[in-house]
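Trainee: Mind having a look at this structure? Questions to follow.
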Amino acid sequence: MVTPTEIKEADSILSRYRSFLGRTWLLWVLPMVLVLAWVAYKAYGEGARAGDFAYTLH
Amino acid sequence: MKIAASKFVPFLITGGLCALGLEGILRVWASASSPVAAVLKVQRESSSRPFLPDSRLGIRPNPEYPGHDSMGFRNALALERADIVVLGDSQTYGSGVEREQAWPERLAQLSSLRVYNMAYPSYGPAHHLMLLEEALALSPQLVIATLYAGNDLFDCFQLAYCGEWAPELRNSEASVVDRVLDLESTSPLVSDIESAEGGDGSLRAFLSENSRLVGVLRSMRDTWRGTAWDRSLAGARLNPDRYACFERGTLRTVMTPSYRKIALNLDDARIHEGLRIAHDSMSAIARRCAESGTAFAVVLIPTKEYVFSTQLSKVEELGTVYGELIGLEGRMWEQTESFLTQEGIESIYALTALSSPLDQGIATYRESSDGHPNPRGQSCIAEAVQEVIAHAYPGMTPALGD
């Protein structure tokens, strides 16, 4: 049985985490965007080297 | 202390969730886009595996896999009748090239004949023998089997001795079987090959193979370190026994002599057995084809290492192991050609087809350590086969109906 105090504590943790995300969202979103932009550049931009697989065994 | 540690918890949780989210996005993206899959160095993902277990062949191509036909092989359509059926391994399946660029498909375009590609990576002449009845069911005028020097002897040995797939292919002399099984139990060939290839079972290797995020990090690191060729040269300097780099003008490639030497070491009883099984299988295929009134020919495909040896004044230029490998492969081709002549089996040796463009600076292989011909190399094999077909089987015309 979950007590009202436990619910309050969980709410408080969630609210603090939301506030943390609100303050630091750029820190998480920016690297993700940069990684995806890098992949797009390598795949479709000048750096593309399609077919450069290394099949050796068979 | 406890308070300080708890401050990091949201960072850890969020960092982990972002990494998982990114991994998921990259997975979906790589499965939908070939260029992205190439950057991350993964094959495009599919819900189906490329092969299924098989009690006779060890593995069999999966009909559900993208690019495979309803019989499981790599063709646009499964045929009921074909003019030519080609039995082969990855060199013929067309690993690393599009289906339309694999040499059987190129041969179909050149000859206007219906060519059915019944090749799959890791197959060898023993597998071709197992598949022969399926090939003959297509009523071909010609069956072509291939022998690739790079690993077919090992593949034949493995099918006969490393499972219960084809024990009937084992040597009739019990002392030979005992010697081979003894050797294999002491140091399995597949482990020697994996170690020569540089593979290991570490967590790093696992992540490198399975994580798309690690693939992005690798791609970033590689870009930082220079071109693919610069990295190959650095790798060869670090592992001079494993890799040998060839560079002359615009022609350049990376060779793997140590690995090839293990798979071609005729002084090893297991590889010697592999060659015997390969020869016996070709002989059995020739007899069965003769019974059914079908013509039979063998395409002999050399290793990239052997093809490039024609460009060197001294093979030792690329190291001692490379020189030894060239000696072993030369010996294997000598024995095989003499065997085929003795048996009266038509053979098409692809060495000149793959090496003569190199004289003009045209690459028939990639710059990487990939041992498969590039699209140009695949075309060269198709042209060589077409020339022999036109000369040796002038009456061959496309059959009517499907």
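The values are calculated or read from the model by the stated rules, or taken from the named source; none is laboratory data. Since the model is a prediction, treat every value here as computed from it, not as a measurement. No Cβ is skipped: glycine too gets one built from the backbone with ideal geometry, and neighbour counts run over all protein chains shown.
Trainee: In the range B:81-105, what count of residues is obtained for those that are more than 28 Å from B:Leu159 (Cα to Cα) and in contact with an Asp or Glu (Cβ under 8 Å, 6 or more places away or on another chain)?
Mentor: Counting residues in the range B:81-105 that are more than 28 Å from B:Leu159 (Cα to Cα) and in contact with an Asp or Glu (Cβ under 8 Å, 6 or more places away or on another chain) gives 1.
Trainee: Residues being within 14 Å of chain A (Cβ to nearest Cβ), part of a helix (DSSP H, G or I) and of a type in the set (Ser, Thr, Tyr): count how many of those fall in the range B:352-401.
Mentor: 0
Trainee: Quick one: B:Met130 ticks every box in (1) within 25 Å of B:Met332 (Cα to Cα); (2) of a type in the set (A, V, I, L, M, F, W, C); (3) buried (at least 23 other Cβ atoms within 10 Å of the Cβ) bar one, so which box is it?
Mentor: (3)
Trainee: Now, a different point. Scanning for something under 22 Å from B:Val388 (Cβ atoms), in contact with a strand residue (DSSP E or B) (Cβ under 9 Å, 6 or more places away or on another chain) and within 14 Å of chain A (Cβ to nearest Cβ), does the range B:152-166 turn up at least one residue?
Mentor: The answer is yes, given that some residue of the range B:152-166 is under 22 Å from B:Val388 (Cβ atoms), in contact with a strand residue (DSSP E or B) (Cβ under 9 Å, 6 or more places away or on another chain) and within 14 Å of chain A (Cβ to nearest Cβ).
Trainee: Test B:Glu324 against the criterion of being more than 14 Å from chain A (Cβ to nearest Cβ), of a type in the set (D, E, K, R) and touching a residue at least 24 places away in the same chain (Cβ under 8 Å), and give yes or no.
Mentor: yes
Trainee: If the requirement is being in the same structural domain as B:Asn62 (by TED's automatic domain parsing), buried (at least 17 other Cβ atoms within 10 Å of the Cβ), touching a residue at least 60 places away in the same chain (Cβ under 8 Å) and over 29 Å from B:Lys304 (Cβ atoms), which of these qualifies: B:Gln158, B:Gln101, B:Gln91, B:Gln141?
Mentor: B:Gln141
Trainee: Restricting to the range B:179-209, name every residue that is part of a helix (DSSP H, G or I), among the polar types (S, T, N, Q) and at pLDDT below 80.
Mentor: Hits for the range B:179-209 are B:Ser195, B:Ser208.
Trainee: Report yes if some residue within the range B:252-267 is more than 20 Å from the chain's Cα centre (by Cα) and small (Gly, Ala, Ser); otherwise report no.
Mentor: no
Trainee: B:Ser187 - would you say it is within 19 Å of the chain's Cα centre (by Cα), under 19 Å from B:Ser258 (Cα atoms) and surrounded by fewer than 16 Cβ atoms within 10 Å (Cβ to Cβ)?
Mentor: No, not satisfied.
Trainee: Let me ask something additional. Is it true that some residue in the range B:39-57 is within 12 Å of chain A (Cβ to nearest Cβ) and over 19 Å from the mean Cα position of the chain (by Cα)?
Mentor: Within the range B:39-57, one or more residues are within 12 Å of chain A (Cβ to nearest Cβ) and over 19 Å from the mean Cα position of the chain (by Cα).
Trainee: Still on this structure: Scan B:Gly330, B:Gly377, B:Gly319 and give me the residue that is at pLDDT below 95 and closer than 30 Å to B:Arg252 by Cβ.
Mentor: B:Gly319
Quick grid of which residues meet (1) under 13 Å from B:Ala278 (Cβ atoms); (2) modelled with pLDDT of 95 or more; (3) under 20 Å from the mean Cα position of the chain (by Cα):
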| site | (1), (2), (3) |
| --- | --- |
| B:Asp83 | no, yes, no |
| B:Glu98 | no, no, yes |
| B:Ala108 | no, yes, no |
| B:Tyr116 | no, yes, yes |
| B:Ser139 | no, yes, no |
| B:Ala149 | yes, yes, yes |
| B:Glu164 | no, no, no |
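Trainee: Filter the range B:171-180 for residues that are under 18 Å from B:Leu159 (Cβ atoms) and either surrounded by 15 or more Cβ atoms within 10 Å (Cβ to Cβ) or not assigned by TED's automatic domain parsing to the domain that holds B:His272 (or both) and give the result.
Mentor: Answer for the range B:171-180, where residues must be under 18 Å from B:Leu159 (Cβ atoms) and either surrounded by 15 or more Cβ atoms within 10 Å (Cβ to Cβ) or not assigned by TED's automatic domain parsing to the domain that holds B:His272 (or both): B:Asn171, B:Val176, B:Val177, B:Val180.
Trainee: Sticking with this structure for a sec: Residues B:Arg270, B:Arg331, B:Arg287, B:Arg248: which one is within 20 Å of the chain's Cα centre (by Cα) and charged (D, E, K, R)?
Mentor: It is B:Arg270.
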